[in-house]
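In what follows, a structure is listed as structure tokens, so that the remarks can point back to it.
The values are calculated or read from the model by the stated rules, or taken from the named source; none is laboratory data. All of these numbers come straight from a predicted model, not from anything done at the bench. Backbone-built Cβ (ideal geometry, glycine too); neighbour counts: all protein chains shown. The accessibility values were calculated without ligands, DNA or RNA, using every heavy atom of the protein model including side chains. Shrake-Rupley method; radii C 1.70, N 1.55, O 1.52, S 1.80 Å.
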Amino acid sequence: MADYLTLDDVETAGRRVLVRADLNVPLDGGEVADDFRIRASLGAVDRLRAEGAAVVVCSHLGRPKEPDPGYSLAPVARRMEELGGFPVHHLTTLVGPEVTGAVGEAQPGDVLLLENTRFHPGETSNDPALGSRLAELADLFCQDAFGSVHRAHASTVGVATRVRSVAGPLLVEELEALGTLLDDPARPFVVILGGAKVSDKLGVLSALARSCDVLLIGGGMSYTALMAEGYSVGTSLTEEEMVSSIRELFDGLQGAKVLLPDDVVVAIEFKAGSPYRVTGAGNIGDDEMGLDIGPSAARRIAEVCEGAGSIFWNGPMGVFEWEAFRSGTETVARAVASSGAFTVVGGGDSAAAIRLLGLEDRVSHLSTGGGASLRLLEGKPLPGVEVLEKWVR
């Protein structure tokens with residue numbers, strides 16, 4: 001893992017600090033629908049304000065290809081102001097005269113939020129000119145957006161090559177928690193993977209299967225795994241092109257014990273109110289689709305969690321947004337939360353499920369970045385972290 005400086009290593013009083021936060025939150029009717037990532041970002045902002053820095057925050061929101069009012073960070077600024085209890089000045093552009101002027105006039109303790117980084121065409125291409133313009137705004141760059149460090153963008157990598165840069169407190173916390181699972185996890189090390197597609201997680205599935213003691217697979221990806229074991233899965237979500245890869249992975253495993261669902265909750269239609277039934281994994285009808293793991297499968301996962309030393313969970317066990325198909329995910333969430341193990345929930349829908357059930361305070365670490373956490377555990381580099389090494393030398 002990369003070596004980096006932190007806020008403990010630098011002087012921030014009286015300086016302009018550009019913070020790359022992850023404020024990519026869902027909006028509903030022009031207001032923030034889930035402020036989890038905004039709350040997580042406040043640690044760096046609060047600290048810098050207390051130390052007397054002028055704080056300039058930037059982030060992306062969604063994947064707009066051009067300026068789009070529906071993806072403006074204005075609602076995020078309002079929510080950050082409410083949560084933080086301090087004024088947040090939202091600027092309508094990312095770079096330009098308005099930004100340069102506002103940053104130049106900023107006083108210690110001020111907080112400015114730049115407009116969506118994705119509104120600028122040079123962001124995703126890591127345009128050197130944009131990286132330079134962002135760097136010119138600050139005396140110091142603080143990378144605190146763990147959910148974005150797996151992308152080599154202008155606001156994650158480009159700016160960090162041009163101005164002294166440090167890892168923020170949230171980034172450090174994420175790297176340390178996930179690093180524990182990589183370096184020396186308490187045994188037994190249990191991995192629970194769910195979600196829709198095997199193709200999205202084959203790399204981390206392969207890596208963790210070789211390092212963990214028990215691998216439990218649920219969610220949509222379990223039906224491709226069941227196909228690889230010779231089961232008929234009806235109309236369940238599958239990726240037939242991945243079956244051979246899963247079969248090859250299972251055949252090559254020697255250490256990890258793989259557990260697939262032994263029962264599932266099925267329905268004929270993909271609808272919230274669709275009639276459903278519980279059936280054995282080997283008895284899915286040709287016109288039925290699996291939408292949740294069954295009670296027996298959920299109990300087995302809970303039993304494994306009871307004796308675990310470390311647990312990593314990423315991905316729901318079914319369509320947890322619909323109450324009829326939430327039971328499997330809820331059982332797993334409660335089992336992870338009640339375990340005495342070191343527990344890491346890897347962002348995305350699994351983190352949303354933990355928070356939906358009010359269990360976020362009962363896990364060791366709740367990650368803000370699903371894709372970044374999976375990439376790290378897969379053993380792949382995080383460009384937004386590696387670039388910080390430049391400032392250690």
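Of the numbered conditions (1) surrounded by fewer than 21 Cβ atoms within 10 Å (Cβ to Cβ); (2) within 18 Å of Ala160 (Cα to Cα), Phe86 fails exactly one; give the number of that condition.
It fails just one condition, (2).
When you check Asp127 against the structure, is it among the acidic types (Asp, Glu) and open to solvent by 10 Å² or more (accessible area, probe 1.4 Å), yes or no?
yes
Those residues that are out of contact with any strand residue (DSSP E or B) (no Cβ under 8 Å at 6 or more places or on another chain) and part of a helix (DSSP H, G or I), I need them from the range 348-366; list them, please.
Listed by number, the residues that qualify are Asp349, Ala352, Ala353, Leu356, Asp361, Arg362.
Within the range 211-300, considering only strands (runs of 3 or more DSSP E) that don't extend past its boundaries, which have at least 3 residues that are over 30 Å from Leu376 (Cβ atoms) and not acidic (Asp, Glu)?
Where strands (runs of 3 or more DSSP E) fall fully within the range 211-300 and carry at least 3 residues being over 30 Å from Leu376 (Cβ atoms) and not acidic (Asp, Glu), they are 263-267, 276-280.
Restricting attention to the range 13-33, does a residue exist that is within 30 Å of Glu176 (Cβ to Cβ) and without any contact (Cβ under 8 Å) to a residue 12 or more places away in the chain?
Within the range 13-33 (the criterion being within 30 Å of Glu176 (Cβ to Cβ) and without any contact (Cβ under 8 Å) to a residue 12 or more places away in the chain), the answer is yes, since at least one residue qualifies.
Give the residues of the range 191-213 that are out of contact with any Leu (no Cβ under 7 Å at 6 or more places or on another chain) and either at pLDDT 95 or above or of a type in the set (D, E, K, R) (or both), sorted by residue number.
Answer for the range 191-213, where residues must be out of contact with any Leu (no Cβ under 7 Å at 6 or more places or on another chain) and either at pLDDT 95 or above or of a type in the set (D, E, K, R) (or both): Lys197, Asp200, Arg210, Asp213.
Only strands (runs of 3 or more DSSP E) wholly contained in the range 71-172 count here; list those with 1 or more residues that are modelled with pLDDT of 95 or more, touching a strand residue (DSSP E or B) at 6+ places or on another chain (Cβ under 7 Å) and more than 19 Å from Pro381 (Cβ to Cβ).
The qualifying strands (runs of 3 or more DSSP E) are 111-113, 140-143.
Step by step: first the residues of the range 321-345, then only those that are farther than 17 Å from Glu360 by Cα and aromatic (Phe, Trp, Tyr), then the one that is least open to solvent (accessible area, probe 1.4 Å). Which residue is that?
The residue in question is Phe325.
Need pairs with beta-carbon distance below 8 Å; first residue farther than 15 Å from Ala152 by Cα and within the range 118-135, second open to solvent by 30 Å² or more (accessible area, probe 1.4 Å) and not in a loop (DSSP other than H, G, I, E, B); sequence gap 6+ or separate chains.
Within 8 Å, the pairs are Phe119/Tyr71.
Closer than 24 Å to Ser155 by Cα, part of a helix (DSSP H, G or I), open to solvent by 10 Å² or more (accessible area, probe 1.4 Å) and in contact with a helix residue (DSSP H, G or I) (Cβ under 8 Å, 6 or more places away or on another chain): does that describe Leu374?
yes
Taking the range 301-345 on its own, how many of its residues are over 26 Å from Thr238 (Cα atoms), assigned to a helix (DSSP H, G or I) and in contact with a Cys (Cβ under 9 Å, 6 or more places away or on another chain)?
Qualifying residue count for the region: 3.
If I go through the range 98-117 residue by residue, how many of them are touching a residue at least 24 places away in the same chain (Cβ under 8 Å) and either touching a Phe, Trp or Tyr at 6+ places or on another chain (Cβ under 8 Å) or not hydroxyl-bearing (Ser, Thr, Tyr) (or both)?
The qualifying residues number 13.
Kindly provide the set of residues from the range 179-204 that are buried (at least 24 other Cβ atoms within 10 Å of the Cβ) and assigned to a helix (DSSP H, G or I), ordered by number.
The one that is buried (at least 24 other Cβ atoms within 10 Å of the Cβ) and assigned to a helix (DSSP H, G or I): Leu181.
For the range 301-320, how many residues meet the condition of being surrounded by fewer than 24 Cβ atoms within 10 Å (Cβ to Cβ), out of contact with any strand residue (DSSP E or B) (no Cβ under 8 Å at 6 or more places or on another chain) and either within 25 Å of Glu378 (Cβ to Cβ) or free of Cβ contacts under 8 Å to residues at least 40 places away in the same chain (or both)?
Total meeting the criteria: 3.
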